[in-house]
Structures are given as structure tokens and as C-alpha cells.
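Asker: The structure that follows is given in the form of C-alpha cells.
The values are calculated or read from the model by the stated rules, or taken from the named source; none is laboratory data. Owing to the predicted nature of the structure, the values given are computational and were not obtained by experimental measurement. Using ideal geometry, Cβ is built from the backbone for each residue, glycine included, and neighbour counts are taken over all protein chains shown. Areas reflect the complete protein model, heavy atoms only, side chains present, ligands, DNA and RNA absent. Shrake-Rupley method; radii C 1.70, N 1.55, O 1.52, S 1.80 Å.
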Amino acid sequence: MTVEAVSETPAPVPAREVLGGVRGLKKHFPIHQGVFRRQVGAVKAIDGVDFDIFRGETLGLVGESGSGKSTTGRTILQLEKATAGSVTFEGTELTTLSTEKMRKLRPRMQMVFQDPHASLNPRMTVGSIIAEPLREHGVATGDERRQRVEELLSLVGLEAKHANRYPHEFSGGQRQRIGIARAIALNPDFIVCDEPIAALDVSIQAQVVNLLEDLQDVLGLTYLFISHDLSMVRHIADRVAVMYLGKIMELAPQEEMYAKPKHPYTQALLSAVPVPDPDVEENRRRVILEGDIPSPANPPSGCVFSTRCPMVQEKCRVDVPAFRELEPGHWVACHFAE
Amino acid sequence: MTTPVLEVNDLKTRFHTQDGVVHAVNGVSFKLNRGEFLGVVGESGSGKSVTMMSLLRLIPMPPGVIESGTAIFDGSDLLSMDIEDLRSVRGGRIGFIFQDPLTSLNPVLTIGFQIEEALRIHTSIPEKERPKKAQELLELVGIPAAKQRLRNYPHELSGGMRQRVMIAMSLACSPQVIIADEPTTALDVTIQAQIIEIVRDLREQLGTAVIWITHDLGVIAGLADRVIVMYGGQIVEEAPVRPLYKTPLHPYTEGLLGSVPRVDQKGSKLVNIKGQPPNLYQEPESCSFAPRCPYAFDRCRQENPPLIERSPGRRVACFWDLERNTEYDPGNRARLEVVEGDG
């Protein structure tokens with residue numbers, strides 16, 4: 001993806017309102033070495049990413065470890081400062097916003113973290129954890145606040161009496177519910193869910209995903225759902241973006257992505273996911289990728305996927321493929337996809 | 001029928017902790033046939049790992065105690081044999097592959113040294129030929145430039161490569177059984193596909209029996225001959241692979257299959273298995289799934305259902321269809337949806 005290519009805007013599907021988006025987003029983490037801590041390179045966690053998020057949708061962001069999907073979520077929420085590019089939310093540019101103005105916007109955009117053990121303060125009661133955003137932003141006080149906490153607890157399937165307990169008294173799934181209650185406390189429009197079910201048991205994953213879906217219906221939420229679980233993303237997402245080494249390889253509506261993947265990486269990725277059905281597994285043709293993901297500190301020239309691509313051509317090692325819209329709403333970064 | 005290479009009977013493992021006794025494994029019995037691929041499925045705390053670790057007495061004792069049971073391997077009982085004899089079984093005739101290769105490989109020794117160590121202890125291959133054998137093993141698991149890799153330390157390899165080294169090590173002494181404990185859980189999906197492909201090839205080549213422990217019903221669907229489903233330290237269902245996925249008999253298996261989305265089709269709402277996994281501090285006196293089971297009736301809350309053979313190779317621990325004499329009907333799955341609700 002070249003810088004020129006980023007100016008092209010993914011065409012919004014008619015009658016859908018753009019809530020926010022990123023253009024040419026980059027996040028490079030510097031590598032320092034030597035006595036003088038000189039910068040000798042950079043880990044290119046995100047290296048030029050463009051997409052829009054429509055109001056009320058779930059955009060799935062999938063990729064393997066090191067693909068930059070979590071950093072993308074964090075950079076959108078300004079938890080990481082972008083190296084280059086823009087992040088907009090309802091038309092407001094976030095990357096240049098002052099801290100004070102950003103703080104005013106924060107209630108509108110929240111995050112659910114992966115690890116429900118690390119993201120809840122063990123010394124705070126569940127009630128005060130959920131009330132903290134209300135307190136920070138001066139939303140409700142006294143009885144009103146207590147009522148709101150009870151309301152939030154019941155929204156996420158917990159009971160009012162749980163407010164006085166501490167996080168360690170809860171199981172992983174219940175803790176994730178507490179994290180979700182905190183995220184929705186301020187009535188946000190947009191929630192970044194960063195691998196919200198990765199740390200949970202299979203039967204508990206379904207509970208949490210069903211809860212997220214129910215809350216979306218009731219509260220009209222927009223999700224950026226970051227996950228490495230392609231089956232779950234198929235289940236929950238309206239559109240899906242596939243990341244590899246800091247770039248988006250393909251972006252398409254969910255059905256199209258899973259039925260007709262156009263990028264060789266997406267094809268390989270989808271074929272690698274095991275299906276819980278022996279008959280299907282027996283007849284499946286797998287594309288087995290050779291080797292490992294290269295280091296984001298030293299990505300391959302040309303197309304970042306060229307070192308593992310089963311259909312690689314000479315051109316791929318030299319030219320960076322543009323992120324092209326092949327069909328309405330279906331974007332691919334590959335020279336040869338059609 | 002084929003002769004079992006491993007036969008486990010009434011295995012009970014407990015952990016005596018400060019907070020009380022954890023009933024990790026509560027009377028597990030199963031057989032493993034020669035050359036068979038057995039999948040063991042369960043969530044965390046289901047006892048799947050502890051069961052297999054107990055067989056080789058690899059659990060920390062204390063606090064762990066193997067309270068009862070026998071594990072007949074090749075005519076002798078692993079649980080009562082002399083610890084010296086057991087050492088020759090561990091890593092020799094029974095190989096073990098762990099989830100995290102970085103903690104199971106020694107960080108200060110080269111890959112080559114560690115593979116040769118296994119050959120030195122368990123085989124009679126002369127010292128001079130060991131490097132060549134080690135190289136062959138690495139080639140067998142598809143590691144490129146195997147000769148150079150032998151001089152590498154574990155940290156110099158990627159996660160997928162390390163897991164290949166673990167597989168190579170477990171194969172070093174041509175074991176009769178390999179126990180693999182979530183070997184692909186820590187890996188990315190494209191790397192997992194590589195490992196599954198290798199294991200599939202090796203199985204056909206070597207004919208080793210494999211016990212593959214996993215929480216992912218997808219991973220073993222294309223690998224296993226037979227599957228055991230564990231819950232609360234007990235086997236709740238055991239079946240050949242196809243019937244288990246097509247017509248699960250235990251409500252837990254049924255719920256588990258309904259709660260995972262599939263990448264090859266867009267399904268409707270996921271089945272909610274309400275509630276939380278069982279409390280292992282109590283000895284199971286009733287069905288441990290009963291509090292979460294949509295079909296549970298009085299008897300389920302009073303007695304622990306025994307694992308009963310329903311048809312050849314098919315065992316289920318559930319009163320529901322026994323009591324009602326109901327044939328399984330896949331359309332019945334809808335009943336689970338009725339009791340949706342959060343736990």
C-alpha cells in the first residue's frame with residue numbers, strides 16, 4: 001500500500017453512516033541500541049492502514065500474533081500516539097486533539113481488554129470498578145450512581161449483590177462481564193474489543209459473545225472486534241479486515257470474505273482453521289503456508305506477504321501492492337487478485 | 001478387536017491444598033489401542049491434563065496424590081512400578097509433548113544436545129551416530145537446514161519450530177505412545193496447520209499411538225479415531241470420532257459443539273451453556289454437569305451417573321436418555337436454546 005493509495009476512500013455502503021475511520025495510519029516503535037541509545041530501527045507495528053467503521057456495525061479485525069491488530073485498536077483510541085496518518089471519530093481528527101478535548105471525547109469510545117485478570121484492580125470492589133468511569137467524568141453521584149451500577153450489573157447478567165465483592169471472587173467469564181459493564185457505563189458509541197474471549201473457556205466464550213451481541217442490539221453499539229479466532233469473527237462481524245505484518249491484506253463484508261476470499265493470505269488463513277466436523281475435515285484442501293511471520297522490525301520489501309505467498313511472482317518482491325477496491329466494499333492488497 | 005497398549009482403570013488424583021482437597025480426577029477408565037489416535041477434549045479444570053500426567057507420575061507430589069487406579073502399559077502397572085523403571089518409560093516408550101515448548105526445552109543447551117541426550121539415555125545408538133540420528137529426526141518433522149539447526153539454542157527458534165523440535169524429541173526413541181498436551185494451543189493458526197499436517201504424516205509413517213489433549217473440538221476432528229470428553233474430572237462421553245460429532249449423546253458434548261462457531265458456515269446464535277464449571281473442592285456425589293444441564297431431573301442431582309457402554313466403543317455417563325429410553329434425535333438440539341440465559 002503506497003501513501004498515494006490511501007487517499008482513496010473506501011466507498012461507504014449506501015445508507016450507512018460512517019462513525020469513524022483511519023487513513024494511512026502508522027505506528028512505529030523505535031528500537032534503541034548502544035551507549036547513546038541511538039535509534040537503530042523501528043518495529044513497524046502498523047504500517048499504513050485505511051478503513052472506515054460504520055455506525056452500529058461490528059468490524060472484525062483478524063490476524064496472527066504480531067500482525068498489529070491490537071496496536072491498531074489502541075492507536076484508534078489514542079492509547080498509543082500514531083506515528084503518521086489520521087484517526088477520525090464523527091469527523092473530528094483525534095491525532096491532533098488536545099488532551100483536554102480528547103478526555104471529553106473518551107466517554108464515547110471505550111475498550112474491553114483481553115485479560116480480565118489484569119484489567120481489573122484487585123483492591124477495588126466490583127461496584128467501585130464499574131462506578132469509576134462515572135466518577136471520573138462526573139456523571140452521576142450518590143444514590144444515582146449506585147443505581148446506575150446496579151443497572152449495569154444486571155445488563156451484563158450479574159446481580160446487584162456482586163457490587164460489594166472483589167474481582168478475585170469471580171470466574172474469568174464473570175470478570176469479563178465486569179469489564180464490559182465498565183466499558184458501557186458512560187453510554188459509549190464505540191467499543192474496541194481487544195481479544196475479549198481469548199482467555200476464556202470454550203463454553204464461557206459463547207456466553208460473553210452472546211452478551212456482546214445482545215448489548216449491541218439494546219444500546220446500538222459499534223464494535224471493533226479484534227481477534228485471532230476466525231470462526232468467532234465470522235459469527236459476530238458484519239465486515240472483516242485481515243491484517244498481516246502491520247497492513248490490511250483484505251477488507252470485505254463477512255459473507256464475501258468467508259465465501260470468496262481474494263487474497264492468498266486470507267485463503268490460506270481460512271483453510272488453516274480446523275472445523276469441528278470430521279467429514280468436512282477429511283475432504284478439506286489446506287493451503288499450508290511455509291515458514292513463519294517475518295519480523296515487523298525488518299519486513300520484506302514489496303508485498304509483506306511475498307516471503308510466504310504460494311503464488312508469489314517477481315513483481316511482488318519489488319512493488320508494494322495497492323489496496324484496491326475490486327468489488328463494492330471488497331478491498332484487496334494484492335497485485336494479482338481479481 | 002485390537003489389543004490395548006495402555007489400559008487405565010479407576011484413576012483418582014487429588015491435590016491437598018491449603019483451601020481443601022481438589023478432586024482433579026475422579027475415577028477415570030479408558031483404553032488406548034495400538035496405533036490409535038485418541039482425542040481428549042475438555043475445558044480447563046476438566047482433569048484432562050492431570051489424568052495423563054498422573055499416568056507417568058509427573059504431577060507434583062505432594063500436594064498431588066494418586067489415590068487409586070491402575071495404568072497397565074505393556075503388561076506392567078505404571079502407577080505401582082519402581083520409579084527407576086518408570087524413568088525408562090518416560091521419554092522412552094511413552095513420549096510427551098507439552099503445550100509450551102519454551103518451558104520444556106532447556107534454554108542453555110543446544111537443540112542437538114537435548115535430542116542426543118534422549119538418544120543416549122533411552123537407546124543403544126553409539127555416540128558417533130547420534131548427531132546423524134538427531135539430524136534425521138529434525139528432517140522428519142520438516143525443519144529446514146536441520147544440520148545447522150542442531151547447533152541452535154531454543155530461543156533462536158520460532159514457536160512453531162520449537163514445537164517441531166519437541167515432536168522430534170518425543171519420537172527419538174520410537175515410542176509406542178505419544179501424549180501431546182495441547183501442543184498447538186500456543187501457536188498461530190497457520191503454524192498450527194503445519195504441525196497438524198506433520199503429525200498426520202508421521203502417524204501414517206510410524207504407527208505410534210497418540211493421545212492428543214485439547215480444548216478445541218476442531219483440531220482433533222480431522223485427526224482422531226476416537227474421542228473422550230471430560231468434565232469435572234470424569235469421562236462423560238467416549239465415542240468414535242464421527243458419531244461423537246454427528247450425534248453427541250451427553251448434554252455437555254452437545255452444548256460444547258453448539259457453543260463453538262464454525263469458519264465454514266454462518267450459524268445462528270451460539271448455544272449458551274449457562275453457569276460456571278464445577279467446584280472441584282467437593283467430591284462429586286451427583287452428576288457434576290447437572291447444575292448447568294438443561295435436561296437435568298431429580299436423579300441427576302442425587303446420583304453420579306456411571307459411564308455405561310451404549311454401543312460398541314460408545315460410553316456415556318448420563319441418566320437422561322437412559323431414564324426416558326429416548327433415542328437421540330438431532331432435532332432435539334433445539335431444546336438447548338430454550339434454556340438460554342446467562343450464568
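Asker: Of A:161/B:274; A:262/B:246; B:48/B:133, which sit over 23 Å apart, Cα to Cα?
Answerer: Checking Cα-Cα distances, A:262/B:246; B:48/B:133 exceed 23 Å.
Asker: What figure in square angstrom, to the nearest 10, would you give for the accessible area of residue A:98 with a 1.4 Å probe?
Answerer: Near enough 60 Å² of accessible area.
Asker: Now for a separate question. What angle, in degrees between 0 and 90 and rounded to the nearest 10, separates the Cα long axis of helix A:126-136 from the longest principal axis of the Cα atoms of chain A?
Answerer: For helix A:126-136, the angle is close to 80 degrees.
Asker: Pop the C-beta distance of residue A:326 and residue B:82 into the FRET formula with R0 = 56 Å and round what comes out to the nearest 0.05.
Answerer: The formula returns an efficiency of 0.25 here.
Asker: Work out, step by step, the length gained on full extension between residue A:132 and residue A:301: first 0.36 nm times the residue separation, then minus their alpha carbon distance; give nm to one decimal.
Answerer: 56.2 nm
Asker: Counting Lys +1, Arg +1, Asp -1, Glu -1, what net charge surrounds residue A:293 among other residues with beta carbon under 11 Å of its beta carbon?
Answerer: Residues close to residue A:293 contribute a combined charge of -2.
Asker: Per residue of B:270-276, what is the mean number of Cβ atoms on other protein chains within 10 angstrom of that residue's Cβ?
Answerer: 6
Asker: Considering only protein heavy atoms, with the full assembly of protein chains and a 1.4 angstrom probe, order A:113, A:336 by accessible area, largest first.
Answerer: A:336, A:113
Asker: While we're on this one: Where does chain A land at 222 nm, in deg cm²/dmol rounded to the nearest 500, when only DSSP H runs of n ≥ 4 count, each adding -39500 (n - 2.57), divided by all residues?
Answerer: -9000 deg cm²/dmol
Asker: Hey, another quick one. Which FRET efficiency value, to the nearest 0.05, is calculated for residue A:104 and residue A:160 with the Förster distance at 30 angstrom and r the Cβ-Cβ distance?
Answerer: Result of the calculation: an efficiency of 0.45.
Asker: Something else about it: Give me the angle, in degrees from 0 to 90, between the Cα long axis of helix A:172-184 and the longest principal axis of the Cα atoms of chain A, rounded to the nearest 10.
Answerer: With both axes taken from Cα atoms, the answer is about 80 degrees.
Asker: If I stretch the segment between residue B:310 and residue B:68 completely, what's the gain in nm (0.36 nm per residue apart, minus their alpha carbon distance), one decimal?
Answerer: Difference between extended and current length: 84.5 nm.
Asker: Per the helix-only calculation at 222 nm, which mean residue ellipticity applies to chain B, given -39500 (n - 2.57) for every DSSP H run of n ≥ 4 and division by its residues, nearest 500 deg cm²/dmol?
Answerer: It lands at -9000 deg cm²/dmol.
Asker: Tell me, what is the FRET efficiency for residue A:255 and residue B:197 to the nearest 0.05, using R0 = 41 angstrom and their Cβ-Cβ distance as r?
Answerer: Computed FRET efficiency for residue A:255 and residue B:197 comes out at 0.90.
Asker: What nm distance separates the two modelled labels at residue A:79 and residue B:148, each placed 7 Å from Cα along Cα→Cβ?
Answerer: Result: 3.9 nm between the two label points.
Asker: Let me check I've understood the local charge: for residue A:327, count other residues with C-beta under 14 angstrom from its C-beta, Lys and Arg +1, Asp and Glu -1. What total comes out?
Answerer: -1
Asker: Ordered by packing density, taken as the mean number of other Cβ atoms within 10 Å over each peptide's residues, highest first, how do B:9-15, B:65-71 rank?
Answerer: By packing density, highest mean first, the sequence is B:9-15, B:65-71.
Asker: Within 10 Å of each Cβ in peptide B:212-221, how many partner chain Cβ atoms are there on average? Round it to a whole number, please.
Answerer: That average works out to 4.
Asker: Another question, then. Counting other Cβ atoms within 10 Å of each Cβ, which trypsin sites (Lys or Arg not before Pro) in region A:84-173 have at most 12 and sit in a DSSP loop?
Answerer: A:123
Asker: At a probe radius of 1.4 Å, what is the per-residue accessible area of residue B:44, in Å² to the nearest 10?
Answerer: Answer for residue B:44: close to 80 Å² accessible.
Asker: Continuing with the same structure: Rounded to the nearest 20 Debye, what is the dipole magnitude of region B:169-306 about its Cα centre when Lys and Arg each give +1 and Asp and Glu each give -1 at the C-beta?
Answerer: About 500 debye.
Asker: What are the ³J(HN,Hα) values, in whole Hz, obtained from phi via the Karplus relation 6.51 cos²θ - 1.76 cosθ + 1.60 with θ = phi - 60°, for each residue of region B:286-296 in sequence order, with x given for Gly and Pro?
Answerer: Values per residue, Gly and Pro as x: 10, 5, 6, 8, 3, x, 10, 8, x, 9, 4 Hz.
Asker: If you place +1 on the Cβ of every Lys and Arg, -1 on the Cβ of every Asp and Glu, and leave all else neutral, what size is the dipole of region A:9-101 about its Cα centre, to the nearest 20 Debye?
Answerer: Here the size comes out at about 440 debye.
Asker: Once you compute Rg and the Kirkwood Rh from C-alpha atoms, what is the Rg to Rh ratio for region A:132-228?
Answerer: Using only Cα positions, Rg/Rh for region A:132-228 is 0.96.
Asker: Looking only at other chains, what is the average number of their beta-carbon atoms within 10 angstrom of each beta-carbon in A:285-294?
Answerer: Neighbouring Cβ atoms belonging to other protein chains average 5 per residue here.
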